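The values are calculated or read from the model by the stated rules, or taken from the named source; none is laboratory data. None of these values were measured; they are calculated from a predicted model. Please note: Cβ atoms are built from the backbone with ideal geometry, for glycine as well, and neighbour counts cover all protein chains shown. To get the accessible areas, we keep the full protein, side chains included, count just its heavy atoms, and leave off ligands, DNA and RNA. Shrake-Rupley method; radii C 1.70, N 1.55, O 1.52, S 1.80 Å.
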Amino acid sequence: QVQLVEAGGGLVQPGGSLRLSCAASGSKFSINNMRWYRQVPGEQRELVAGITLFGITNVADSVKGRFTISRDYTKNTVYLQMNSLKPEDTAVYYCNVDQVGDRDDYWGQGTQVTVSS
């Protein structure tokens, strides 16, 4: 069972920056894909960014040029650097990972990001 601990959310003014982190522990196999999703109440969970085992990244068009995903393989941690934040980025952000050779995926508890003046 993989446990995920997220950190870094909070309240920030428009145009500000935050960095989210998500540390994975308890994995029996190599952590494969690591992703960040976000969800606003009443809406579907949206994929924000992902990074593969080999470091290939993708980000949603809505955050391209503002958000960057990265990972530290030694710490099994994924980061989401969020710059030029907008009020519409306000959401609960969730970390999601899967393991090589494991059909299941795992979710963090979520961290609130609020962009407001």
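Secondary structure note: in the chain, about 95% of the DSSP beta bridges are antiparallel.
Go through GLY50, SER70, VAL113 and say which Cα lies farthest out towards the positive end of the charge dipole of the chain; charges sit on Cβ, +1 for Lys and Arg, -1 for Asp and Glu. Highest projection toward the positive end goes to SER70.
Quick one: compute the contact order of segment 6-47, relative version, from alpha carbon pairs under 8 angstrom and 6+ residues apart, as a percent. Before the final figure, lay out each step's value.
Values: 26 pairs, mean separation 10.8, N = 42.
Answer for segment 6-47 is 26 percent.
Could you give the accessible area per residue of the chain, probe 1.4 Å, as a whole number in Å²?
Details: 6300 Å² over 117 residues.
Counting only protein heavy atoms, the per-residue value for the chain is 54 Å².
So, with a 1.4 angstrom probe, what is the percent of accessible area on the chain that is carbon and sulfur? About 48 percent, which is the carbon plus sulfur part of the accessible surface.
Taking chymotrypsin sites (Phe, Trp or Tyr not before Pro) as exposed when DSSP calls them loop (any state but H, G, I, E, B) and at most 15 other Cβ atoms lie within 10 Å, what is the longest stretch of the chain free of them, the sites themselves excluded? Within the chain, the longest run free of exposed chymotrypsin sites (Phe, Trp or Tyr not before Pro) spans 74-117. Counting pairs of alpha carbon atoms under 8 Å apart in space and at least six apart in sequence, what relative contact order in percent does the chain give? Relative contact order comes out at 36 percent.
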